[in-house]
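*Asks:* Encoded as structure tokens, here's the structure I'll be asking about.
The values are calculated or read from the model by the stated rules, or taken from the named source; none is laboratory data. No experiment lies behind these values; they were computed from the predicted model shown. Note: ideal-geometry Cβ built from the backbone for every residue, glycine included; neighbour counts use all protein chains shown.
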Amino acid sequence: MYLRGTARVNEAGHLEIGGVSTTTLAREFGTPLYVVDEALFRDNCRRYRKAFGSGNRVVYAGKALLCTAVCRLVDEEGLYLDVVSGGELYTALHAGFPPARIYFHGNNKSAEEILQGLEAGVGRFVVDSIQELGLLDRLAGETGVEAEILLRLTPGIEAHTHEYIRTGQIDSKFGLAIETGQAQAAIRQALASPHLRLVGLHCHIGSQIFELAPFCDAARVLVNFAAGIRADSGWTLEELNLGGGLGIYYASGDNPPAIEEYAAALVEAVEEAAAAAGLPLPRIVVEPGRSIAGPAGTTLYTVGVVKEIPGVRIYVAVDGGMNDNPRPALYQARYEAVIANRMNEEARATVTIAGKCCESGDILIYNARLPYPEPGDIIAVPATGAYSYTMSMNYNRLPRPAVVLVRDGQAEEVVAREDYQDLVRNDRMPKRLWK
Ligand code: LLP
């Protein structure tokens, strides 16, 4: 089993993270529980900043894991922040994150969200469509704020990842295609506006990507495109934002490049392409989410029903499931697991870890190798720091778990566990149904 960050096996044979035993965490905070290794989260931020160097920018993609405490970590580490909705923007501002270091994304920003961004003074709007360009232009004019923008383009690159998280191809709900001429039209429109300052171009080709070539190809496509625009209009690309997407290790067979390899490949591709096209070297911006938050998170569950169907399968049901981690159900995502209170025991059983939702597809892991699980055991699923908490839901009216930050032997709740009152808080009873 691959132990990440500060994870280790303690004297009692229990999994420990951030100097705290996960069995203690399960007892104190209950399960399911999201545990975040603060040191590893910070270390990933630092590795990114160091690898890209001071002239470039690392923007943490909040959609991977966001709450006010995470905003503070990102701020303290000197990263920028990518938000994709009024809610994420509100969270960041509420945490005191400097608005000038915020990138505002989204393929369908509402007028209210755009105004929220303009009034807060966000550093960049990443404009996704011609319609948004018109709306932003009008609202920036009305508020008297000059908006600094990037245009999100689809470079026509198809990366090898799950179809639902692939975004660089032309047939995408995101961005403006270069091939169709829409990207050029948007640039002309942006350059003509007195309320908008076009700083650069953006693309994001997908997520959980292990090959470096598609990132480099996308960088070359954008640099060459920008060189063509410069020849036509004199506009010079200042900032090249290549999105996020670096994959992480979830289960055997996954072999992601290191952050440093990814950075070196991207920087080299941009330098070479810019030199070849005679373009001044732009500032490189990347937007990692998963590769910062993912490895830093572990989800703890308690084993409930163990059901052996002789000759078929052993189902081990845990007290969470697709409601706290919809990724296996949505993307056939694979994970590994351990029994946190029996780390030194041999993994002799092959079991299927099922959730507690009323849904046959609510299976977290097929064929996990574990010591034979007993009711009450604590199952830990590593690499769940990204897109678990943020995609969690209340299906079957299950309250959402707490998020706990661990560091140096201390554990602090950064998102409280929902309770039953939270579940009925927004329910309203029409008078005619009163009893
Ligand atoms: N920038 C943009 C514009 C994005 O759309 C995304 C992810 C990122 C950055 C961060 O990408 P990352 O470094 O995390 O790969 N829910 C899916 C992933 C959706 C990714 C959406 N956009 C999952 O659980 O796999």
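Yes or no, residue by residue, for (1) in the same structural domain as THR154 (by TED's automatic domain parsing); (2) hydrophobic (A, V, I, L, M, F, W, C); (3) farther than 27 Å from ASN107 by Cα; (4) within 13 Å of the ligand (Cβ to nearest atom):
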site: ALA231; (1), (2), (3), (4): yes, yes, yes, no
site: GLY234; (1), (2), (3), (4): yes, no, yes, no
site: LEU237; (1), (2), (3), (4): yes, yes, no, no
site: LEU246; (1), (2), (3), (4): yes, yes, no, yes
site: GLU261; (1), (2), (3), (4): yes, no, yes, no
site: ALA264; (1), (2), (3), (4): yes, yes, yes, no
site: GLU268; (1), (2), (3), (4): yes, no, yes, no
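*Asks:* Ok, one more. Given (1) assigned to a helix (DSSP H, G or I); (2) surrounded by fewer than 24 Cβ atoms within 10 Å (Cβ to Cβ), identify the lone condition not met by ASN344.
*Replies:* The number of the failed condition is (1).
*Asks:* Can you report the number of residues in the stretch 41-91 which are surrounded by 18 or more Cβ atoms within 10 Å (Cβ to Cβ), within 16 Å of the ligand (Cβ to nearest atom) and more than 15 Å from GLY289 (Cα to Cα)?
*Replies:* The total comes to 5.
*Asks:* Given the condition within 16 Å of the ligand (Cβ to nearest atom), assigned by TED's automatic domain parsing to the domain that holds ALA265 and touching a residue at least 24 places away in the same chain (Cβ under 8 Å), answer yes or no: does some residue in the stretch 186-197 qualify?
*Replies:* No - not one qualifying residue is present in the stretch 186-197.
*Asks:* Moving to a separate point now. For LEU423, state whether it is of a type in the set (A, V, I, L, M, F, W, C), more than 16 Å from the ligand (Cβ to nearest atom), more than 30 Å from ALA349 (Cβ to Cβ) and in a strand (DSSP E or B).
*Replies:* no
*Asks:* When ALA92 is evaluated against the numbered criteria (1) of a type in the set (A, V, I, L, M, F, W, C); (2) assigned to a loop (DSSP other than H, G, I, E, B); (3) free of Cβ contacts under 8 Å to residues at least 60 places away in the same chain, which criterion, by number, is the only one it fails?
*Replies:* (2)
*Asks:* Still on this structure, I have one more. Consider the stretch 370-406. How many of its residues are more than 16 Å from the ligand (Cβ to nearest atom) and at negative phi?
*Replies:* 21
*Asks:* Taking the criterion of being in contact (Cβ under 8 Å) with a residue 40 or more places away in the chain, among the charged types (D, E, K, R) and more than 16 Å from the ligand (Cβ to nearest atom), would at least one residue in the stretch 4-26 satisfy it?
*Replies:* yes
*Asks:* Here's something else I'd like to know. Tell me, yes or no, whether the stretch 147-161 has at least one residue that is surrounded by 17 or more Cβ atoms within 10 Å (Cβ to Cβ), away from the ligand (no atom under 16 Å from the Cβ) and not in a loop (DSSP other than H, G, I, E, B).
*Replies:* So far as the stretch 147-161 goes, yes, one or more of its residues are surrounded by 17 or more Cβ atoms within 10 Å (Cβ to Cβ), away from the ligand (no atom under 16 Å from the Cβ) and not in a loop (DSSP other than H, G, I, E, B).
*Asks:* Still on this model: State yes or no: is PRO282 at negative phi, within 16 Å of the ligand (Cβ to nearest atom) and in contact with an Asp or Glu (Cβ under 9 Å, 6 or more places away or on another chain)?
*Replies:* no
*Asks:* Kindly check whether there is at least one residue in the stretch 97-109 that is at positive phi, touching a residue at least 12 places away in the same chain (Cβ under 8 Å), outside any helix (DSSP H, G or I) and surrounded by 22 or more Cβ atoms within 10 Å (Cβ to Cβ).
*Replies:* There is at least one residue in the stretch 97-109 that is at positive phi, touching a residue at least 12 places away in the same chain (Cβ under 8 Å), outside any helix (DSSP H, G or I) and surrounded by 22 or more Cβ atoms within 10 Å (Cβ to Cβ).
*Asks:* Right, here's the next one. Would you tally the residues in the stretch 330-359 being touching a strand residue (DSSP E or B) at 6+ places or on another chain (Cβ under 9 Å) and not aliphatic (A, V, I, L, M)?
*Replies:* Here is the first cut: in the stretch 330-359, the residues touching a strand residue (DSSP E or B) at 6+ places or on another chain (Cβ under 9 Å) are 334-345, 347-356.
Okay, now just the ones that are also not aliphatic (A, V, I, L, M), so 334-336, 341-342, 344-345, 348, 350, 352, 355-356.
Qualifying residue count, the stretch 330-359: 12.
*Asks:* Is it the case that some residue within the stretch 410-417 is part of a loop (DSSP other than H, G, I, E, B) and surrounded by 11 or more Cβ atoms within 10 Å (Cβ to Cβ)?
*Replies:* yes
*Asks:* Within the stretch 198-217, restricting attention to residues that are assigned to a helix (DSSP H, G or I) and touching a strand residue (DSSP E or B) at 6+ places or on another chain (Cβ under 9 Å), which residue is farthest from the ligand (Cβ to nearest atom)? It would help to see each step written out before you state the result.
*Replies:* Taking the stretch 198-217 as the starting set, the residues that turn out to be assigned to a helix (DSSP H, G or I) are 213-217.
Pick out the ones that are also touching a strand residue (DSSP E or B) at 6+ places or on another chain (Cβ under 9 Å) and you get 214-215.
Details: PRO214: 13, PHE215: 11 Å.
Residue satisfying both the conditions and the ranking: PRO214.
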